[in-house]
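> Before I ask anything, let me first share the structure, which is written out below as structure tokens.
The values are calculated or read from the model by the stated rules, or taken from the named source; none is laboratory data. What you see is a predicted model, and the numbers here were worked out from it, not measured in a lab. Positions of Cβ are generated from backbone atoms using ideal geometry, with glycine treated the same way; all protein chains shown enter the neighbour counts.
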Amino acid sequence: MKNDIQNRADVHLLVTTFYDQIRKDAVLGPIFNARITHWDAHLEHLTDFWESSLFFVNKYKGNPLEKHIEVDKAIQHTINEQHFGIWLNYWIQTLDVLFEGEKVNIAKNRARKMGTFIYVKLFEARTLK
């Protein structure tokens, strides 16, 4: 039986395992690897994000929507639903391999909502050029 996500160490394991997969992916890897030069710092930042989201602590400082809009612009507005689908599939698979429980379900639902929100906002940002 697997445990639920219980603390920052679990979130860090989730984030690092997940991004190991993302970095190797043929579609997403080149996008992430071209822009992130300090992976250790980035993984800590993303651990802050997910820890804040799952445990309601106030550690994360940043604007994920703004960053995604910047990346989309940098790659000539080519981010599409496939990118979000691949990202979400890796997220859910990583969660399912490592954990089970209520926090896992929350993490899946928040990722779905966040992906949908960012996807819609990217297209809105394109029309505001």
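> Scan (1) under 13 Å from the mean Cα position of the chain (by Cα); (2) over 14 Å from Val11 (Cα atoms); (3) not β-branched (Val, Ile, Thr) for the single condition Gln82 breaks and write down its number.
(1)
> How many residues, within the stretch 37-54, are surrounded by 12 or more Cβ atoms within 10 Å (Cβ to Cβ) and free of Cβ contacts under 8 Å to residues at least 40 places away in the same chain?
Of the residues in that region, 10 qualify.
> State all residues of the stretch 8-36 that are touching a residue at least 40 places away in the same chain (Cβ under 8 Å) and either over 17 Å from Val71 (Cα atoms) or part of a loop (DSSP other than H, G, I, E, B) (or both); if no residue qualifies, say none.
If the condition is that a residue be touching a residue at least 40 places away in the same chain (Cβ under 8 Å) and either over 17 Å from Val71 (Cα atoms) or part of a loop (DSSP other than H, G, I, E, B) (or both), then Arg8, Asp10, Val11, Leu13, Leu14, Thr17, Phe18, Gln21, Asp25, Val27 are the ones that fit.
> Answer yes or no: is there a residue in the stretch 38-53 that is over 21 Å from Arg8 (Cα atoms) and part of a helix (DSSP H, G or I). Please lay out each step first, then the result.
As a first pass, look at the stretch 38-53 and keep what is over 21 Å from Arg8 (Cα atoms): none.
The answer is no, given that none of the residues of the stretch 38-53 is over 21 Å from Arg8 (Cα atoms) and part of a helix (DSSP H, G or I).
Residue-wise test of (1) at pLDDT below 95; (2) surrounded by fewer than 19 Cβ atoms within 10 Å (Cβ to Cβ); (3) touching a Phe, Trp or Tyr at 6+ places or on another chain (Cβ under 9 Å); (4) not hydroxyl-bearing (Ser, Thr, Tyr).
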| residue | (1), (2), (3), (4) |
| --- | --- |
| Lys73 | yes, yes, no, yes |
| Gln76 | yes, yes, no, yes |
| Ile86 | no, yes, no, yes |
| Asn89 | no, yes, no, yes |
| Ile92 | no, yes, no, yes |
| Leu95 | no, no, yes, yes |
| Glu100 | no, yes, no, yes |
| Lys103 | no, no, yes, yes |
| Ile106 | no, yes, no, yes |
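> Just to be sure, is Glu100 more than 15 Å from the chain's Cα centre (by Cα) and more than 28 Å from Gln6 (Cα to Cα)?
Here the answer is no, as Glu100 does not meet what is asked.
> Within the bounds of the stretch 21-36, is there any residue that is exposed (fewer than 13 other Cβ atoms within 10 Å of the Cβ) and either closer than 21 Å to Phe56 by Cα or touching a Cys at 6+ places or on another chain (Cβ under 6 Å) (or both)?
Looking through the stretch 21-36, none of the residues is exposed (fewer than 13 other Cβ atoms within 10 Å of the Cβ) and either closer than 21 Å to Phe56 by Cα or touching a Cys at 6+ places or on another chain (Cβ under 6 Å) (or both).
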